[in-house]
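> Below is the structure I would like to discuss, written out as structure tokens.
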Amino acid sequence: MPPAAPESRGSPGSPGLWRDRDFRRLWVGQTVSQFGEHGSAVALPLIAVLLLGADGAEVGVLRAVGQAPIPLLSLFVGAWVDGWRTRTVMVAADCGRALALGAVAVACLLGGLGLPVLLVAAFGVGALSVFFDVAYQASVVRLLDRDQLVSGNSALEGSRSAAQIGGPALGGALVSLLSAPVALASSALFFALSFLSIRRIGHGEAVPRRSGPAPAVRRRIREGVGFVVGEPSLRAVCLASAAFQFAFAAAMTVYLLFLPRELGLSGAVVGLVLAATGPGALVGSLLAARLPGRFGHGAVLACAAVIGDSVMIGVPALHGGAALTVPVLVAVNLTFGACGQLVSVTLMAVRQTVTPDGMQGRAAATIGFVGMGTAPLGSLLGGLLAAQCGLRTGFLVAAAGMLLSPLVISLSPLARLGRTLPVHAAAGPSART
């Protein structure tokens with residue numbers, strides 16, 4: 001295990017976020033990594049639909065395979081990341097994802113592209129994304145003081161919003177207008193740029209020290225799960241996330257078929273529609289830095305979840321040409337993106353505030369395991385709904401299921417959170433080593 005850094009990062013006189021070179025490097029790396037992730041998330045299913053003629057069941061399987069590493073690996077990755085430098089984990093994940101997508105691009109050029117190749121690539125990219133995401137969330141806490149977490153998360157989530165604008169639009173446009181190899185190579189390039197930025201972070205991370213031999217992985221996993229289960233707010237986050245991700249995965253599987261086949265939209269227009277969540281998410285990340293402190297975290301979470309998930313129910317009613325449907329779809333995705341990002345940033349602040357430093361990776365992994373672990377099943381259900389019920393009915397059922405998440409939030413301790421979040425006893429300044 002690498003040695004722990006000897007001193008705390010922050011002090012009352014520490015530089016602001018944007019004067020901190022290491023934070024800027026993390027921000028740049030995370031931003032371009034998100035471009036690669038969002039671009040490939042659209043490019044791979046669109047390649048399957050437009051180039052290979054994949055049906056609903058095949059698209060569902062492809063998305064499920066890409067999401068399967070979350071329940072398979074999250075808990076183990078969380079236990080492992082807590083004892084290592086997050087920079088090392090992130091650069092390795094970026095390098096691996098770039099190589100995986102580059103290999104698929106080569107397969108396209110050599111005429112060897114098929115659904116099995118896409119399945120292997122989706123699983124590989126998904127597995128490495130688990131490592132990157134867990135390490136990234138732990139990295140934020142190690143780089144910033146706790147009074148900077150809301151601002152830091154808002155900035156980082158804002159950059160993710162920018163990636164949501166450009167990533168899907170770029171992925172869809174390149175697949176539709178140019179070629180699959182160009183789309184995949186573009187995503188690989190973004191991962192390579194992220195690698196170059198994050199590897200330059202020079203700060204010695206405050207990896208929590210251990211006394212005595214390192215505990216077994218299973219014991220560390222049990223500790224992480226036990227902490228999340230025993231913390232009412234985090235337990236509610238898990239349940240709400242599981243309900244949302246299950247229904248959202250089903251809805252997105254049908255959505256990627258509904259837009260080109262039912263509404264007749266081209267790949268480039270599909271990318272544009274999906275990218276509309278980006279500016280909405282940018283607005284949501286800005287609101288997340290202000291609204292919870294003014295109206296209370298619980299009220300903001302409940303209202304944003306209800307509004308954001310409700311707007312998707314009207315999508316199956318759309319008919320007609322692109323001139324009519326595209327503006328409506330853009331408005332729907334703007335609203336969904338703003339509310340979804342507001343919920344996401346607020347929940348992240350809740351998790352990071354109530355979790356001690358030595359538990360950050362495991363807490364993030366446990367919540368990811370429970371929340372995102374339902375996504376593969378949701379993707380399979382979406383493919384089944386599309387095949388058995390039709391695209392309109394299937395999307396309506398999946399979108400209605402998304403309302404389970406705001407219901408869980410409204411009935412949980414999350415809805416009662418006030419303007420100031422409770423801080424775990426071990427999460428205060430003395431916990432930083």
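> Search the range 66-123 for residues being in contact with a Lys or Arg (Cβ under 7 Å, 6 or more places away or on another chain) and of a type in the set (Val, Ile, Thr), and hand back the single one that is surrounded by the fewest Cβ atoms within 10 Å (Cβ to Cβ).
91
> Mind counting the residues in the range 110-127 that are touching a residue at least 40 places away in the same chain (Cβ under 8 Å) and not β-branched (Val, Ile, Thr)?
At the first step, the residues of the range 110-127 found to be touching a residue at least 40 places away in the same chain (Cβ under 8 Å) are 113-115, 118-119, 121-123, 125-127.
When the remaining residues are screened for being not β-branched (Val, Ile, Thr), the result is 113-115, 118-119, 121-123, 126-127.
Matching residues across the range 110-127 total 10.
> While we're here: Can you tell me which residue within the range 227-256, out of those that are more than 19 Å from the chain's Cα centre (by Cα) and among the hydrophobic types (A, V, I, L, M, F, W, C), is surrounded by the fewest Cβ atoms within 10 Å (Cβ to Cβ)?
Within the range 227-256, the match that is surrounded by the fewest Cβ atoms within 10 Å (Cβ to Cβ) is 229.
> Just to be sure, is residue 399 farther than 30 Å from residue 421 by Cβ, within 20 Å of the chain's Cα centre (by Cα) and at pLDDT 90 or above?
On the way: farther than 30 Å from residue 421 by Cβ: yes; within 20 Å of the chain's Cα centre (by Cα): yes; at pLDDT 90 or above: yes.
Here the answer is yes, as residue 399 does meet what is asked.
> In the range 266-278, is there at least one residue being surrounded by 21 or more Cβ atoms within 10 Å (Cβ to Cβ) and modelled with pLDDT of 85 or more?
no
> Is it true that some residue in the range 381-394 is closer than 29 Å to residue 123 by Cα and not in a helix (DSSP H, G or I)?
yes
> Of the residues 259, 263, which is surrounded by 22 or more Cβ atoms within 10 Å (Cβ to Cβ) and modelled with pLDDT under 90?
Being surrounded by 22 or more Cβ atoms within 10 Å (Cβ to Cβ) and modelled with pLDDT under 90 holds for just one of 259, 263, which is 259.
> Examine the range 355-376 for a residue that is at pLDDT below 90, among the aliphatic types (A, V, I, L, M) and surrounded by fewer than 19 Cβ atoms within 10 Å (Cβ to Cβ), and state whether such a residue exists. Walk me through it before giving the result.
Of all residues in the range 355-376, those at pLDDT below 90 come to 355-376.
Pick out the ones that are also among the aliphatic types (A, V, I, L, M) and you get 359, 363-365, 367, 370, 372, 375.
Of the ones still in play, those that are also surrounded by fewer than 19 Cβ atoms within 10 Å (Cβ to Cβ) are none.
No, that holds for no residue.
> OK, next. Looking for whichever is among the hydroxyl-bearing types (Ser, Thr, Tyr), modelled with pLDDT of 70 or more, crowded, with 24+ Cβ neighbours inside 10 Å and within 22 Å of residue 366 (Cβ to Cβ) here; the options are 194, 139, 187. Which one fits?
Working: 194 fails: within 22 Å of residue 366 (Cβ to Cβ); 187 fails: within 22 Å of residue 366 (Cβ to Cβ).
Answer to the selection: 139.
> Does residue 407 satisfy the condition of being within 30 Å of residue 127 (Cβ to Cβ), assigned to a helix (DSSP H, G or I) and either at pLDDT 90 or above or aromatic (Phe, Trp, Tyr) (or both)?
Numbers: within 30 Å of residue 127 (Cβ to Cβ): no; assigned to a helix (DSSP H, G or I): yes; either at pLDDT 90 or above or aromatic (Phe, Trp, Tyr) (or both): yes.
In short, no.
> Let me ask something else. Report yes if residue 162 is modelled with pLDDT of 65 or more and either surrounded by 20 or more Cβ atoms within 10 Å (Cβ to Cβ) or out of contact with any Asp or Glu (no Cβ under 6 Å at 6 or more places or on another chain) (or both), otherwise no. Before the answer, list the steps.
Values: modelled with pLDDT of 65 or more: no; either surrounded by 20 or more Cβ atoms within 10 Å (Cβ to Cβ) or out of contact with any Asp or Glu (no Cβ under 6 Å at 6 or more places or on another chain) (or both): yes.
Considered against the rule, which asks whether it is modelled with pLDDT of 65 or more and either surrounded by 20 or more Cβ atoms within 10 Å (Cβ to Cβ) or out of contact with any Asp or Glu (no Cβ under 6 Å at 6 or more places or on another chain) (or both), residue 162 comes out as no.
> Right, something else. Could you list, in sequence order, the residues of the range 16-63 that are surrounded by fewer than 24 Cβ atoms within 10 Å (Cβ to Cβ), aliphatic (A, V, I, L, M) and either in contact with a His (Cβ under 9 Å, 6 or more places away or on another chain) or over 22 Å from residue 88 (Cβ atoms) (or both)?
Those that are surrounded by fewer than 24 Cβ atoms within 10 Å (Cβ to Cβ), aliphatic (A, V, I, L, M) and either in contact with a His (Cβ under 9 Å, 6 or more places away or on another chain) or over 22 Å from residue 88 (Cβ atoms) (or both): 17, 41, 49, 50, 51, 52, 54, 57, 61.
> Every residue in the range 241-258 that is polar (S, T, N, Q) and within 15 Å of residue 71 (Cα to Cα), please.
Restricting attention to the range 241-258, the residues satisfying the condition of being polar (S, T, N, Q) are 241, 245, 253.
Answer for the range 241-258, where residues must be polar (S, T, N, Q) and within 15 Å of residue 71 (Cα to Cα): 241, 245.
> Right, here's the next one. Of all residues in the range 315-329, which are buried (at least 18 other Cβ atoms within 10 Å of the Cβ) and either under 15 Å from residue 266 (Cα atoms) or β-branched (Val, Ile, Thr) (or both)?
Here is the first cut: in the range 315-329, the residues buried (at least 18 other Cβ atoms within 10 Å of the Cβ) are 315-316, 325-326, 329.
Selection gives 315, 325, 326, 329.
> If you take just the helices (runs of 4 or more DSSP H) that sit entirely in the range 211-323, which of them hold at least 1 residues that are more than 23 Å from residue 349 (Cα to Cα) and of a type in the set (Lys, Arg)?
Values: elements: 217-230, 232-257, 267-275, 277-288, 291-295, 297-310.
In the range 211-323, the matching helices (runs of 4 or more DSSP H) lie at 217-230.
> Being charged (D, E, K, R), surrounded by fewer than 18 Cβ atoms within 10 Å (Cβ to Cβ) and part of a helix (DSSP H, G or I) is the requirement here; does residue 351 meet it? Write out each step before concluding.
Values: charged (D, E, K, R): yes; surrounded by fewer than 18 Cβ atoms within 10 Å (Cβ to Cβ): no; part of a helix (DSSP H, G or I): yes.
No: the conditions fail for residue 351.
> Let me ask something else about it. Taking the conditions exactly as written (without any contact (Cβ under 8 Å) to a residue 24 or more places away in the chain and within 25 Å of residue 288 (Cβ to Cβ)), does residue 411 satisfy them or not? Explain how you work it out, then say what you get.
Details: without any contact (Cβ under 8 Å) to a residue 24 or more places away in the chain: yes; within 25 Å of residue 288 (Cβ to Cβ): yes.
It is true that residue 411 is without any contact (Cβ under 8 Å) to a residue 24 or more places away in the chain and within 25 Å of residue 288 (Cβ to Cβ).
The values are calculated or read from the model by the stated rules, or taken from the named source; none is laboratory data. What you see is a predicted model, and the numbers here were worked out from it, not measured in a lab. Heads up, the Cβs are rebuilt from the backbone with ideal geometry, glycines too, and the neighbour counts pull from every protein chain shown.
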